[in-house]
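One structure below.
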Amino acid sequence: MSRLRLGIDLDGVVAEFNGGWMARYNAEFGSNLTPDLVDRWDGLADLTHFDHMGQFWRWARGGDGPSIFRNLPMIEGAAQALDELALNHDVVIITAKPRWAISDTFGWLSDNKIPTREVHITSHKHEVECNVYVEDSPRQLATIVQKRPEAMVFRFIRAWNEPVPGAHDIQTWPELTALIAESTSI
């Protein structure tokens, strides 16, 4: 079996971004938002009292405390799958974050014992060479498929993304681990 470089996104793939920010928002503003309300990319401000995404991101930064990226819950099955994948492959975290979220992102990775030796915080994810990419961003998926035609690209199906020709659709972490195991046993 050959060792693969697995380019794994964080928010929406490993970390439950919407559940995390909504829990904080609900606690601070007395709302009852739930993750199933998110149905489009960059539409988060529409669910809140913020007038635009700039206001949302200023709030998300956290003022004197941690940003929303510090305490996100894990997506079901992600921890076990990453541990399993890391036994035979290199887990490469590739995530896009604002500059102010970098230290909270590294703290989150440490707290959650993510099995990686390599982390890239960039909006140019296709520039990080991997054999496999796992992503949920509609913008990133199309670019990765176009710029990395030799790679296997997996779209984590979410309400805010559509199928992308050349990307394989998955819904769960066990589904992903099975597909990667199948592809490396050939």
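Side notes on the structure shown:
- Hits in the stretch 126-145 (condition: among the acidic types (D, E), over 16 Å from I170 (Cα atoms) and assigned to a loop (DSSP other than H, G, I, E, B)): E129
- Looking across the stretch 19-44, the residues that are loosely packed, with under 11 Cβ neighbours inside 10 Å and in a helix (DSSP H, G or I) come down to A27, E28, D36.
- G54 being on the phi < 0 side of the Ramachandran plot and in a helix (DSSP H, G or I): yes
- Looking only at residues of the stretch 96-130 that are among the polar types (S, T, N, Q) and in contact with a helix residue (DSSP H, G or I) (Cβ under 9 Å, 6 or more places away or on another chain), we find that the one that is nearest to W160 (Cα to Cα) is S123.
- Set E162, E135: member being assigned by TED's automatic domain parsing to the domain that holds I102 and closer than 24 Å to A181 by Cα: E135
The values are calculated or read from the model by the stated rules, or taken from the named source; none is laboratory data. If you're wondering where the values come from, they're calculated on a predicted model, not measured in any experiment. No Cβ is skipped: glycine too gets one built from the backbone with ideal geometry, and neighbour counts run over all protein chains shown.
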